[in-house]
Amino acid sequence: MKKAILTILSVIIFCSLAATRYAGDFMAIGAGVRALGLAGAYSAIADDGAAIYWNAAGLAQIREAQIEVMRAFLYENLAKYDNFSYCQPLPNGVTLGVNWTRLTVDDIPIYKENYLVGTTVDQRATDPELQLPAVPDGNFTSADDLFQFGFAKHIHYDLNLGWVFFEIPFDMYLGTNVKYIRREMMDNIGTGIGYDFSYLGKTDLATILDIDWFGDFAFAVNVQNLGGTTISWDTESKHEDEILFNTKLGLAYFQTIPSWKSEIILSKDTDYAYGRTHHYGLEFNYNKLVSLRFGYYNVNSDESDNFSAGLSINIYDFEIDYAFLTNNLGNTNRVGLRINF
């Protein structure tokens, strides 16, 4: 199984030099343990450091400095996946953030087969010395890095519909991030710069519907790789990969339960890069101490169902996160730590 998975990873890595469809797929793995525990249904929540990745507008919801780290071993431990983010609130509802994500695959076999150059098919079929020995000539490491620099601004507005009506509160968050992509394969390096623009709006349904127990509703839009994102390689052919433009739409509903000192969050995201991918999430928070979450997502062209689950424990200003995700290439466990200060 591990050999099969490594072969698939090798094919994906090398195909990115010949086809642009999967050029930036390593960026679709996702950042933040909490967000992944919700199966990526996170753009309308986006209230921690992972917001830089899912919806930069949500950064403005963070009003104290925060550091978040994550580590995961993917595909039967054949790949390492790391994520680090730092967010710094500023006056006037502004928050800045930086995010670094890295995917590393070690010990990828190389089959140079230089001794076959100049030979014919008949020679290779009849001469035992020209048969493929299935022994690699060496190994190399592939490393993909994503650096993101995010900015977000919070704007509060009370919509007045006239003297007969009450004012409807709206919290609007506007954000953008600049991302620098660096991919390294053997002796070649590819780099590119991209831009995302995002919006998150949140309002109080209790005020709108005049029902006291109703919670908050949020809507999010994240436009990724606006204007196109190109990865340029330092090969002789100066090959270029284009990362697909994507629109991410998100919805979330926040329902507090005062008698239980709890909150329930329902969320849904839709991505449009490869047809449509639907993400669904459910989270239960108890007294800001313990959180349980579940998620599900599926791609239209993929008949498999993918599930996730997660747990968070808050200890003072520290939060320990865990997520479990199913995947055709192997189930994964992810662990993260968030620190507020």
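Please treat every number below as a calculation from the coordinates, not as lab data. Keep in mind that what you see is a predicted model, and the values were worked out from it rather than measured. Cβ placement follows ideal geometry from the backbone for every residue including glycine, while neighbour counts extend to all protein chains displayed.
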In degrees, nearest 10, range 0 to 90: what is the angle between the Cα axis of helix 2-15 and the longest Cα principal axis of the chain?
90 degrees
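Which value in Å does the Kirkwood hydrodynamic radius of region 188-252 take, with 1/r averaged over all unlike C-alpha pairs and then inverted?
Numbers: mean 1/r = 0.0677 Å⁻¹.
The Cα-based Kirkwood calculation yields 14.8 Å.
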Dividing the helical contributions, -39500 (n - 2.57) per DSSP H run of n ≥ 4, by the residues of the chain yields a 222 nm value, nearest 500 deg cm²/dmol, of -2500 deg cm²/dmol
Spin-label model distance (nm) - Glu242 vs Asn188, 7 Å beyond Cα toward Cβ
1.9 nm
Using a Gaussian network for the chain with springs between C-alpha atoms less than 10 Å apart, which of these wobbles most: Ile208, Ile108, Ile313?
Ile208
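Kirkwood hydrodynamic radius (Cα pairs, Å) of region 16-174?
19.7 Å
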Note: region 245-341, point scatterers on Cα, Debye, no solvent; log10 I/I(0) at q = 0.11, 0.14, 0.23 Å⁻¹ equals -0.41, -0.65, -1.22
Along each of the three principal axes of the Cα atoms of region 19-81, give the extent in whole Å, ordering the values from largest to smallest.
39, 26, 19
Can you give the extra length, in nm with one decimal, that the chain gains between Thr256 and Ile313 once fully stretched, where that is 0.36 nm per residue apart less the Cα-Cα distance?
18.6 nm
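Taking N as the number of residues in region 2-340, what is its alpha-carbon radius of gyration divided by 2.2 N^0.38 Å?
On the way: Rg = 23.1 Å, N = 339, 2.2 N^0.38 = 20.1 Å.
In units of the globular-protein estimate, region 2-340 measures up at 1.15.
Kindly flag which residue pairs out of Lys153/Lys261; Lys112/Lys179; Lys179/Lys248 have an alpha-carbon separation exceeding 25 Å in this structure. Please report the intermediate quantities before stating the final value.
Working: Lys153/Lys261 30 Å; Lys112/Lys179 34 Å; Lys179/Lys248 17 Å.
Pairs exceeding the cut-off: Lys153/Lys261; Lys112/Lys179.
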